[in-house]
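Heads up, the thing below is written out as structure tokens.
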Amino acid sequence: MHNQITLTSKNYFLATVALILMSTGCNTVGRANKTQTSMVQEPISDSTILQADFSQTENQIGTVFDFFDVSVRTHKGSPNSTPATFGRRAKVNTVRMLGGWSDKNLEADTYKWDGEKYVYDFEQATKRIDSWLAKDWDIFQIVLDNPPWAFQHGFTFVDTPNGVNYLKKDQVGVYGNPLPPNDANAWQQYIHAFMQHLVATYGEEKVLQWRFRVGSEIDTRPQHWAATRQAFFDHYQNTVTAVHAVLPDAQIGVHFREASFTSKYIDYTGNTEDSYATHFVSWAKKYNVPYDFFAVSYYPHITKKHELDMQRVYQHDMAPITEHPDFNANASFEIHEFKFIIKMKRAGFESVATSHASAFFAMLSKLMLEKNIQNVFQWGTAKNGSYIPEAMTQLALHPMVGNQLYANQVIRKPQIAGNLIDGIFTKHPDKDLYQVLTFNFNKDNLDYQQAEQTQIKVVLDKPAGTKYRYRVANIDSSNNIDQMFANDFPKANILQSQGGWRKAGVHQTASLNSALNEQGKKVYNANKGKYGKSNKLLWSDWLKGNTIASETLLNDTIQSSINIDSKLASFAVQSYEIQLIE
């Protein structure tokens, strides 16, 4: 047929059968996939076209890097909590390694007052480090917070701000000791000794593989810091001096809130202070204070539309930092705490458990790669052998690491209002292998709606008739374990007041362990095993075809394209592997 990719009759039959039988998902137990794909030249009239031109080298905009391989753990985190590693070694960012914990466990502190003098007890940190190493984790970063409780010795606390003494209500913060050390010189000597201890224990070569961060979300006051902005800047410089006195090449940096953060907290001076981020950038440049990385937190609420708009998030919360004229061009910009959440709780959160999270992370990944945001540290990404929805998207992204990243276009708006359909288009640097990740997210309407008709268009510097094959894997509501159960047991979607199991006031994207009453959870726990584990992509069969002449032919350039029609479900991700065949 003139307008269709040429297939042998046998392959056409197999392709047709595959379209009918194609199953996809992310569990050891799969479900039939209702999303069909086909290979045609002209898109269906209402298709949203995602197109990338691989024939022009200037369209390459970067390389896919592994930005999702670090787990963040507090002192309460267990090395037995294996994250989604995809075959890599687990990496940990350890928070509150030094002590100063909220339970005031003085035995765990690495700096102590014995009633007469201060003493170092670095074995406490060594035990914590060794517990991670013993379970085959790599230490990626040690956070030099909180100051141990002995550093509060001699402070006088008051009830109202007087500009001299810290507030009594801030003596113990939500996360522990929120105050700077009582003696800056003693702190510098202590950090110097701690670094010497690490080198003596683990060797200089090993310790230089670890990064160090001064504080966590310091401008979240008073939870992480109950002093002033300048007090932290002085504390940071003092800490850097101590670290570099032992290891001049040690990597060190900071972690603040986003640039737009505002605070109503009134400190002991009677003042309020908003985000420290841009102030730090200017201060560090003015006083030549080094930092190798600069991090913020990102906890997008699914209930807050503006936090789900990637372009707004970047321009509003990140660009004022990364595009600041004083920003260190050699420093990496990173996200050191991330979770897609429904709401914050005291020292915790309730996270999104549905395929909304898979689609959101794909959307975030596109921003990370295109804006060169080097790391996103994550809390738990796996439990009982299953990956969380975000990690399923990471499973699809992982084989793309090292690929060339190409710019793409979105042609024709989606049919459903609010849907954002886009993709990540990549090519293997040495092989004729193209890997594409597409997603469908809607910040305005969280309900599942009709699937969108899409066409993936890959333009190549190959003649028409070039043979290829491709396969597809879907990550969507049909293979999310919680949603599979809810589909099979309708009471999971019905309120208790109406005879169902669902508790009132629980968000639609909450986990079933949060959403269901005791009877519902009992049925869920008894049946969830039959859905397998969410830790694999279930691919379609390979489909074969020939490229077609490209209508974007330039001069005498040899070009052709691969066009794949598909349906993309609400809050879904599709992963494509396309291989040219000799």
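The values are calculated or read from the model by the stated rules, or taken from the named source; none is laboratory data. None of the values given here were measured: they were computed from a predicted structure. Cβ coordinates were reconstructed from backbone atoms using ideal geometry, including for glycine residues, and neighbour counts include every protein chain displayed. With ligands, DNA and RNA removed, areas are computed over all heavy atoms of the protein, side chains included. Shrake-Rupley method; radii C 1.70, N 1.55, O 1.52, S 1.80 Å.
Miscellaneous remarks
- For the stretch 535-569, a tally of residues being surrounded by 18 or more Cβ atoms within 10 Å (Cβ to Cβ), at pLDDT below 95 and hydroxyl-bearing (S, T, Y) returns 1.
- T82 part of a helix (DSSP H, G or I) and either among the hydroxyl-bearing types (S, T, Y) or touching a helix residue (DSSP H, G or I) at 6+ places or on another chain (Cβ under 7 Å) (or both): no
- Neighbours by Cβ (under 9 Å, 6+ apart or cross-chain): first from the stretch 222-248, within 19 Å of A200 (Cα to Cα); second open to solvent by 20 Å² or more (accessible area, probe 1.4 Å) and not in a helix (DSSP H, G or I): H244/P290; L247/L208
- With respect to (1) under 19 Å from F485 (Cα atoms); (2) touching a helix residue (DSSP H, G or I) at 6+ places or on another chain (Cβ under 7 Å); (3) of a type outside the set (S, T, Y); (4) not in a loop (DSSP other than H, G, I, E, B), the lone exception for V506 is condition (4).
- Checked against (1) aliphatic (A, V, I, L, M); (2) in a loop (DSSP other than H, G, I, E, B); (3) in contact with a Pro (Cβ under 6 Å, 6 or more places away or on another chain), I218 passes all but condition (3).
- Given (1) open to solvent by less than 10 Å² (accessible area, probe 1.4 Å); (2) at pLDDT below 95, number of the condition E582 does not satisfy: (1)
- Filtering the stretch 143-160 to residues that are in contact (Cβ under 8 Å) with a residue 24 or more places away in the chain and polar (S, T, N, Q) leaves N146, Q152.
- Positions within the stretch 104-121 being touching a residue at least 24 places away in the same chain (Cβ under 8 Å), assigned to a loop (DSSP other than H, G, I, E, B) and open to solvent by 20 Å² or more (accessible area, probe 1.4 Å), in sequence order: K104
- One residue alone among A84, A125 is within 18 Å of the chain's Cα centre (by Cα) and crowded, with 17+ Cβ neighbours inside 10 Å, and that residue is A84.
- Number of residues in the stretch 424-446 that are part of a strand (DSSP E or B) and free of Cβ contacts under 8 Å to residues at least 12 places away in the same chain: the value is 0.
- Only one entry in A259, A193, A231, A184 is buried (at least 18 other Cβ atoms within 10 Å of the Cβ) and among the small types (G, A, S), namely A259.
- Residue check: Y236 meets all listed conditions (1) part of a helix (DSSP H, G or I); (2) touching a Pro at 6+ places or on another chain (Cβ under 9 Å) but one, namely (2).
- Considering (1) in contact with a strand residue (DSSP E or B) (Cβ under 9 Å, 6 or more places away or on another chain); (2) farther than 30 Å from K530 by Cβ; (3) part of a loop (DSSP other than H, G, I, E, B); (4) not hydrophobic (A, V, I, L, M, F, W, C), the lone condition that Q449 does not fulfil carries the number (2).
- Among strands (runs of 3 or more DSSP E) entirely within the stretch 297-411, having at least 3 residues that are open to solvent by 40 Å² or more (accessible area, probe 1.4 Å) and at pLDDT 95 or above singles out 409-411.
- K530 meets all of the listed conditions (1) surrounded by fewer than 15 Cβ atoms within 10 Å (Cβ to Cβ); (2) of a type in the set (D, E, K, R); (3) touching a Cys at 6+ places or on another chain (Cβ under 9 Å) but one, namely (3).
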